[in-house]
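Engineer: So that we are looking at the same thing, I have put the structure below in structure tokens.
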Amino acid sequence: MKKIEYSEKKDTRSGFGAGLYELGKKNEKVVALCADLTGSLKMNEFANDFPERFFQCGIAEANMIGTAAGLTIGGKIPFAGTFANFATGRVYDQIRQSVAYSGKNVKICASHAGLTLGEDGATHQILEDIGLMKMLPGMVVINPCDYNQTKAATIAIAEYDGPVYLRFGRPKVPNFTPADQKFEIGKAITLNEGTDVSIFATGHLVWKAIEAGVILEENGISCEIINIHTIKPLDEEAILKSVGKTKAVVTAEEHMMNGGLGDSVAQLLARKMPTPIEMVAVNDTFGESGKPEELLTKYGIDTQDIVNSVNTVLKRK
């Protein structure tokens, strides 16, 4: 397996903040809105240097989404930021009606997603957001894996004309993708080529998939590891090409099994290439308060769970 190293651990929300600030310096159409979480979403630099383009909406997320939709009519490119739970579940009606149905050029930027929010507990650890957003017609759904990729994705979505859901998180995770990468919406990235099984991972679970690949290689199992940073539109060509070679699939995500990446991959394979598949995801339960790494282990979405799922799916080939 190709050795993949990381330089340091950084939080993906800081990648968003850095990308937004860079956009602020070079694109005057970019505006930012926040629901009383400027520091948590690392939007401070943008707010400080471009105050005329920053709108603090307070704890009024529905109003923030409506305001963002209105700003697009004047040609602005609004980046509306809050916690993922509030960016989706709390304002789904406004997103559906004012953004998705209307095809507005709003970038919904959602931090603190998944179990790795940690101690804030089940009420804030949304695990259904990808499913909610990918079901909306015309909505692009992006879930980058590290600081560099989140920064690149933030910059890239400003060039895309249409609604986007960008998901990121709070914990510091290995930062291993190139700093100078060009982010391409809907284009999966092969991190390691293999012949026995395809591991499709997204977000924080990409590094866990890399760790699992190292363990599995020591046991003689060759893993093809692919970073699916864009859940919608899904890179069907890359997935089918890989599965055509390996004939076995494991998906890995920090999300509910229903409605997530695994769900999308399974639908594709059912239609075009029926293949044994195992899904590493949270299985029909809410989270709880705890340390992020301990929660990943308890809820079955850690490195060893990917290893176990690979061993299971290989028996079904």
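No value in this document is a laboratory result; all are computed from the given coordinates. On a predicted model such as this, the values are computed, not experimentally measured, just so you know. Counting neighbours? That spans all protein chains shown, and the Cβs are built from the backbone with ideal geometry, glycine included.
Engineer: For the chain, what is the charge dipole size about the Cα centre, in debye to the nearest 20, if Lys and Arg each add +1 at the Cβ and Asp and Glu each add -1 at the Cβ? Before the final figure, lay out the partial values.
Structural biologist: Values: 34 positive and 39 negative charges, 142 e Å.
For this selection, approximately 680 debye.
Engineer: Can you tell me the 0 to 90 degree angle between the C-alpha axis of helix 61-73 and the longest principal axis of the chain, rounded to 10?
Structural biologist: 80
Engineer: Here's a follow-up. Hey, could you get me the Stokes-Einstein D for segment 206-250, Kirkwood radius over alpha-carbon pairs, 20 °C and 1.002 mPa s, rounded to whole µm² s⁻¹?
Structural biologist: Details: Rh = 11.6 Å.
Taking Rh from Cα pairs, D becomes 185 µm²/s.
Engineer: With only alpha-carbon atoms counted, please give the Rg and Dmax of segment 99-236, in Å.
Structural biologist: For segment 99-236, the Cα radius of gyration and maximum Cα-Cα distance read 15.6, 52 Å.
Engineer: Let me ask something additional. What is the spread of the Cα atoms of segment 189-311 along each of their three principal axes, largest first, in whole Å?
Structural biologist: Principal-axis extents of segment 189-311 (Cα, largest first): 41, 32, 22 Å.
Engineer: In a GNM of the chain with a 10 Å cut-off on Cα contacts, which of GLY89, GLY17, GLY262 has the highest mean-square fluctuation?
Structural biologist: The residue with the greatest mean-square fluctuation here is GLY89.
Engineer: State the antiparallel share, in %, of DSSP beta bridges confined to the chain, rounding to the nearest 5. Could you put the intermediate results ahead of the total?
Structural biologist: Working: 9 of 43 bridges.
Here the antiparallel bridges make up roughly 20 percent for the chain.
Engineer: Among THR275, GLY260, VAL250, flag the residue with its Cα farthest along the positive direction of the charge dipole of segment 250-293, charges on Cβ as +1 for Lys/Arg and -1 for Asp/Glu.
Structural biologist: The residue sitting farthest along the positive end of the dipole is THR275.
Engineer: Relative to the longest principal axis of the C-alpha atoms of the chain, give the angle of the C-alpha long axis of helix 147-157, reported between 0 and 90° and rounded to the nearest 10°.
Structural biologist: Result, in degrees: 60.
Engineer: Beyond 22 Å between alpha-carbons counts as too far, so tell me which of LYS247/LYS272; LYS107/LYS151; LYS104/LYS134; LYS25/LYS182; LYS26/LYS134; LYS3/LYS298 fall in that bin. Write down the numbers at each step before the final one.
Structural biologist: Details: LYS247/LYS272 13 Å; LYS107/LYS151 14 Å; LYS104/LYS134 16 Å; LYS25/LYS182 18 Å; LYS26/LYS134 30 Å; LYS3/LYS298 28 Å.
Too far apart for the 22 Å limit: LYS26/LYS134; LYS3/LYS298.
Engineer: Just to confirm the number: angle between the C-alpha axis of helix 261-272 and the first principal axis of the chain, 0 to 90 degrees, nearest 10?
Structural biologist: On a 0 to 90 degree scale, this one is about 60.
Engineer: Which value, in Å³ per residue, describes the convex hull spanned by the Cα atoms of segment 8-175?
Structural biologist: Expressed per residue, the convex hull around the Cα atoms of segment 8-175 is 96 Å³.
Engineer: If you don't mind, there's one more thing I want to ask. Of [x] 33, 26, 19; [y] 30, 24, 21; [z] 32, 19, 18, which one was derived for semi-axes √(5λ) of the Cα gyration tensor in Å from the structure shown?
Structural biologist: Here semi-axes √(5λ) of the Cα gyration tensor in Å agrees with entry [z].
Engineer: If only Cα atoms are counted, what is the Rg of segment 1-86, and what is its Dmax, in Å?
Structural biologist: 14.8, 50
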